[in-house]
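A quick write-up on the structure given underneath.
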Amino acid sequence: MSAPTLDRPRGAQTVDDLLAEARARIVRVTPEEAAARILDGAYLVDIRPAAQRQREGEVPGSLIIERNVLEWRFDPASDARLPEATGYDVDVIVLCSEGYTSSLAADALRSLGLHRATDVVGGFLAWSAAGLPTTGTP
């Protein structure tokens with residue numbers, strides 16, 4: 001068996017490159033800004049796996065949509081879309097644990113045409129640290 005090659009193929013990016021590019025295309029929000037947008041009708045979408053939500057807690061009223069189905073649930077053209085996916089102007093704020101995966105997910109929604117898609121800087125941990133409402137936190 002041959003050893004795996006560590007030479008990055010031409011054109012391949014690092015995850016840090018992907019993250020920086022995604023964040024350059026979205027306008028991220030603080031937990032407080034997210035809370036204000038939610039009051040104005042935005043959807044907070046928690047993409048964390050069940051085990052992580054159980055361990056860390058949840059934001060009351062958030063939509064729980066795990067990362068692997070997010071695009072299908074919010075694409076207005078998808079047969080698997082949620083009732084909340086009413087068009088391309090839907091205000092979607094994505095939440096993960098620390099604000100990394102959510103940036104990539106928000107950018108994927110932006111690529112689908114949901115131009116208002118964004119994520120929470122610092123994720124659920126920053127939301128909780130800001131004293132915003134949570135349930136089930138240890």
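Since every read-out is calculated from the coordinates, none of them should be taken as a lab result. Remember, predicted model here, so these are calculated numbers, not experimental data. Every residue, glycine among them, receives a Cβ derived from its backbone with ideal geometry; neighbour counts consider all protein chains shown.
Brief remarks follow.
- Take the Kirkwood radius over Cα pairs of the chain, plug it into Stokes-Einstein at 20 °C and 1.002 mPa s, and you get 137 µm²/s for translational diffusion.
- Choice from Ala12, Ala42, Ala22 with maximal GNM fluctuation in the chain (Cα, 10 Å cutoff): Ala12
- Karplus-derived 3J(HN,Hα), 6.51/-1.76/1.60, for each residue of the range 113-122, Hz, glycine and proline x: x, 7, 5, 8, 4, 8, 9, 8, 4, x
- Phi to ³J(HN,Hα) by Karplus 6.51 cos²θ - 1.76 cosθ + 1.60 over the range 59-72, Hz, x for Gly, Pro: 9, x, x, 6, 8, 9, 9, 4, 3, 5, 10, 3, 4, 5
- Radius, Kirkwood style, for the range 62-138 when every pair of distinct Cα atoms is counted (Å): 12.9
- Computed from label points 7 Å out along Cα-Cβ, the spacing between Ala77 and Arg8 is 3.2 nm.
- Added length on full extension, which subtracts the Cα-Cα distance from 0.36 nm per residue, Glu98 to Thr86: 1.5 nm
- Applying 0.36 nm per residue to the separation of Ala50 and Val15 and subtracting their alpha-carbon distance, the gain on full extension is 10.2 nm.
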